[in-house]
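Participant: Next up is a structure, given as structure tokens.
The values are calculated or read from the model by the stated rules, or taken from the named source; none is laboratory data. Quantities reported herein were computed from a predicted structural model and do not represent experimental measurements. Every residue, glycine as well, gets a Cβ built from its backbone with ideal geometry; the counts of neighbours run over all protein chains shown.
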Amino acid sequence: MSAEISDPALRAVVDSRSEWADAEKVEAEYISGGITNQNYCLRVDGTPFFIRLAGEKTELLGIDRNHERLAVEAATSVEIGPGVVDFLPEHGCLVTEWIDGESVTSEDVRRHDVLERLVRSIKAYHGCSEIPGSFSPFRIVEEYRESAGDRGVEVPGVYWELLERAREIQEAFQVFPMPSRPCHNDLLNANFLMQDGRLMIVDYEYAGMGDVFFDLGNLSVNNEFDEETDLALLEMYFGEVPTPARIARLKLMRLMSDFREAMWGVMQQAISTLEFDYEEYANQHFQRCREHAEDERYSEWLHDAAKDVQST
């Protein structure tokens with residue numbers, strides 16, 4: 001076997017699979033940009049695979065690697081995600097097919113023709129059968145705070161202000177709770193690939209049963225949607241003119257998305273060994289979250305979010 005592999009953890013993965021260990025040529029290319037794991041394109045006798053080596057203590061981020069595998073398989077079943085090739089828990093490794101697609105920018109996502117394709121993919125995933133695990137941004141922000149505090153990382157003062165907002169939002173949503181559906185919960189443009197006209201979605205680490213409005217709000221805020229694009233997103237998803245209740249839930253989940261992301265950055269300060277400024281990352285999201293919370297429409301959104309999204 002001819003191999004160009006410098007990472008001993010990746011070498012252990014290759015050696016653990018006989019069909020790879022006996023290959024004539026194995027080449028690895030590190031994929032930069034990840035801020036949780038180490039990702040590679042591994043070519044085995046010319047066939048590419050995607051390799052994810054789990055970061056340190058990622059279970060403290062709420063990631064269950066077996067749940068991730070099953071979430072990817074659900075995406076594969078509706079043809080929006082890569083096929084699972086192997087799951088090697090002893091190596092903290094998930095191997096999937098390589099998607100030979102074009103990257104998608106946030107600017108691309110805001111184009112209505114691309115957004116329509118993405119919405120079809122998101123709805124397909126929401127329509128899958130139940131997947132293991134659950135996802136609640138309201139619970140996660142508190143769990144991250146407790147875990148980070150146990151490891152010596154304190155939250156900034158703005159956390160407590162935003163926690164009050166989160167509890168208000170949760171209370172409004174519980175008047176007419178949404179049924180839990182399979183959700184991706186990390187809809188960054190870096191997780192989208194265009195392949196033969198289909199918008200593929202990758203990276204299901206945080207997938208679980210949850211509120212579809214979190215996915216919609218997460219998509220919106222991560223890709224900097226304006227008011228017009230938010231309305232277009234809702235109309236594409238529900239097939240009708242957006243109602244006040246749906247608009248309100250989208251807007252409030254934008255806030256919760258940034259709150260979750262800020263606390264993710266706080267948690268990573270406690271556990272990650274990667275070279276990345278997680279404190280600045282957290283502060284940026286805290287700032288944007290606070291701006292959402294101080295929007296003059298916030299009280300109106302709370303009122304409207306307590307209505308039935310199916311009938312108003």
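Participant: Going through region 278-312 one residue at a time, which ones are loosely packed, with under 12 Cβ neighbours inside 10 Å and modelled with pLDDT under 95?
Facilitator: 308, 310, 311
Participant: Within region 125-135, can one find any residue that is under 23 Å from residue 293 (Cβ atoms), in contact with a strand residue (DSSP E or B) (Cβ under 7 Å, 6 or more places away or on another chain), touching a residue at least 60 places away in the same chain (Cβ under 8 Å) and assigned to a loop (DSSP other than H, G, I, E, B)?
Facilitator: Among the residues of region 125-135, at least one is under 23 Å from residue 293 (Cβ atoms), in contact with a strand residue (DSSP E or B) (Cβ under 7 Å, 6 or more places away or on another chain), touching a residue at least 60 places away in the same chain (Cβ under 8 Å) and assigned to a loop (DSSP other than H, G, I, E, B), which makes the answer yes.
Participant: If you check 89, 48, which single one turns out to be of a type outside the set (Ser, Thr, Tyr) and exposed (fewer than 14 other Cβ atoms within 10 Å of the Cβ)?
Facilitator: Result: 89 is the single residue among 89, 48 that is of a type outside the set (Ser, Thr, Tyr) and exposed (fewer than 14 other Cβ atoms within 10 Å of the Cβ).
Participant: What are the pairs, 6+ residues apart or on separate chains, where a residue within region 61-73 that is without any contact (Cβ under 8 Å) to a residue 40 or more places away in the chain has its Cβ under 7 Å from a residue that is of a type in the set (Gly, Ala, Ser) and surrounded by 19 or more Cβ atoms within 10 Å (Cβ to Cβ)?
Facilitator: Going by the 7 Å Cβ cut-off, the qualifying pairs are 65/54.
Participant: Considering only residues that are within 15 Å of residue 166 (Cα to Cα), of a type in the set (Asp, Glu) and either touching a His at 6+ places or on another chain (Cβ under 9 Å) or assigned to a loop (DSSP other than H, G, I, E, B) (or both), which ones fall in region 276-311?
Facilitator: Correct list: 294, 295.
Participant: Residues in region 171-187: is at least one outside any loop (DSSP other than H, G, I, E, B), in contact (Cβ under 8 Å) with a residue 40 or more places away in the chain, surrounded by 15 or more Cβ atoms within 10 Å (Cβ to Cβ) and aromatic (Phe, Trp, Tyr)?
Facilitator: yes
Participant: Name the one entry in 145, 139 that is out of contact with any helix residue (DSSP H, G or I) (no Cβ under 8 Å at 6 or more places or on another chain), among the basic types (Lys, Arg) and within 22 Å of residue 57 (Cα to Cα).
Facilitator: The unique qualifying residue is 139.
Participant: For the structure I just gave you, tell me whether residue 192 is modelled with pLDDT of 95 or more, buried (at least 23 other Cβ atoms within 10 Å of the Cβ), closer than 24 Å to residue 288 by Cβ and out of contact with any strand residue (DSSP E or B) (no Cβ under 7 Å at 6 or more places or on another chain).
Facilitator: No.
Participant: Further question on the same structure: Given the options 263, 256, name the one that is of a type outside the set (Asp, Glu), within 18 Å of the chain's Cα centre (by Cα), in the same structural domain as residue 111 (by TED's automatic domain parsing) and closer than 17 Å to residue 216 by Cα.
Facilitator: After ruling out the rest, the residue left standing is 256.
Participant: Working carefully through the options 88, 42, find the one that is free of Cβ contacts under 8 Å to residues at least 60 places away in the same chain and closer than 28 Å to residue 208 by Cβ.
Facilitator: 42
Participant: Any idea how many residues of region 212-243 are among the acidic types (Asp, Glu) and touching a strand residue (DSSP E or B) at 6+ places or on another chain (Cβ under 7 Å)?
Facilitator: 1
Participant: Could you tell me whether residue 234 is without any contact (Cβ under 8 Å) to a residue 24 or more places away in the chain, assigned to a helix (DSSP H, G or I), hydrophobic (A, V, I, L, M, F, W, C) and touching a Leu at 6+ places or on another chain (Cβ under 7 Å)?
Facilitator: When the stated conditions are applied, residue 234 passes them.
Participant: Taking the conditions exactly as written (assigned to a strand (DSSP E or B), of a type in the set (Asp, Glu) and either surrounded by fewer than 17 Cβ atoms within 10 Å (Cβ to Cβ) or assigned by TED's automatic domain parsing to the domain that holds residue 188 (or both)), does residue 29 satisfy them or not?
Facilitator: Taking the combined requirement at face value, the residue satisfies it.
Participant: Related question: Looking at 224, 228, 240, 261, which one is part of a helix (DSSP H, G or I) and either hydroxyl-bearing (Ser, Thr, Tyr) or over 25 Å from residue 139 (Cβ atoms) (or both)?
Facilitator: 228
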